[in-house]
Amino acid sequence: MKNKVSILVLVYGPHHELARRCLKSILQNLNPKDYQLIVGANQPCQETREFLHSIRDSIDVLIESSVNLYKSPMMSRMLEVADGDLIWWFDDDSHIKSPEALTWWTDCVAISGPEVVQWGDIWYVENPTPLAGAASLQEFVIGSPWFRGLPPPSETVGGKGVTEFNGKPGGDPRWFFATGGCWMARHDSLKYLNWPDPRLVIEFEDVILGEAIRQAGWVTRHVGQLGVHINDCSRRWTESVAHEFALSRIHTS
């Protein structure tokens, strides 16, 4: 394999069964010589702590917090110690189903041009609710250090730089993003973006990452799930959740 991969797994709270399933799927399916394993544990329960320490020799870096730091702050700590050219992110409700999964994902990287910096299962959302501290997601983007002047998605004329959408006057309101349960990205691109944005805690971090990548002139490529079950737990992800937030999935032929 050309590039070393850092696998980052975020586990949380009382959900020791998810932590166990996710991490066992990595240890049982992949060759440890092919990756660096970093685990971030937010407010882990006793069962999770015991499990993590039972496999401690298989974890390169374990970051434990007795309080919930939430996703983005913990991701920052994990990325600081990652040394792979590629970052393969896992929420604990995603897990590997095939021993070929890592090869399939890195093969996608190998055939991609330099403008492609992230790979995953792409969805989109229209007109998401504002983030805390911003009147709109558009305001959040425009006030970001990674904003490069591209009009963000909006249903108003000029959204994403278009004046007509679906045959009617208006902008393109679609925010495309790789679902946060599992994605792969070039590490140097995340460093360039100073990702995660320090203003983010847990809300819309995957949606905002998709826009930050677009602002930089880069691309997120849809590769589906490729040997990984992503968001495979009703605790976080159900069709009703997707409906509530008006999420739509990208399908490829």
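Nothing in this text is a laboratory measurement; each read-out follows from the coordinates by a stated rule. Fair warning: this is a prediction, and the values are worked out from it, not measured in the lab. Ideal geometry is used to build each Cβ from the backbone, glycine not excepted, and the neighbour counts take in all protein chains shown.
Results, tabulated for the structure shown:
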item	result
For residue 75: the one exception among (1) surrounded by fewer than 16 Cβ atoms within 10 Å (Cβ to Cβ); (2) closer than 26 Å to residue 205 by Cβ; (3) not hydroxyl-bearing (Ser, Thr, Tyr)	(1)
Residue 67 vs. criteria closer than 22 Å to residue 220 by Cβ and either out of contact with any Gly (no Cβ under 9 Å at 6 or more places or on another chain) or among the small types (Gly, Ala, Ser) (or both)	no
Of all residues in the stretch 22-56 being farther than 20 Å from residue 88 by Cα and charged (D, E, K, R), the one that is surrounded by the most Cβ atoms within 10 Å (Cβ to Cβ)	49
For residue 121: the one exception among (1) in contact with a Gly (Cβ under 6 Å, 6 or more places away or on another chain); (2) on the phi > 0 side of the Ramachandran plot	(2)
Qualifying position, being part of a loop (DSSP other than H, G, I, E, B) and either surrounded by 17 or more Cβ atoms within 10 Å (Cβ to Cβ) or in contact with a Cys (Cβ under 6 Å, 6 or more places away or on another chain) (or both), among 196, 145, 114	196
Subset of the stretch 68-123 (residues that are more than 12 Å from the chain's Cα centre (by Cα), of a type in the set (Lys, Arg) and farther than 19 Å from residue 32 by Cα)	77
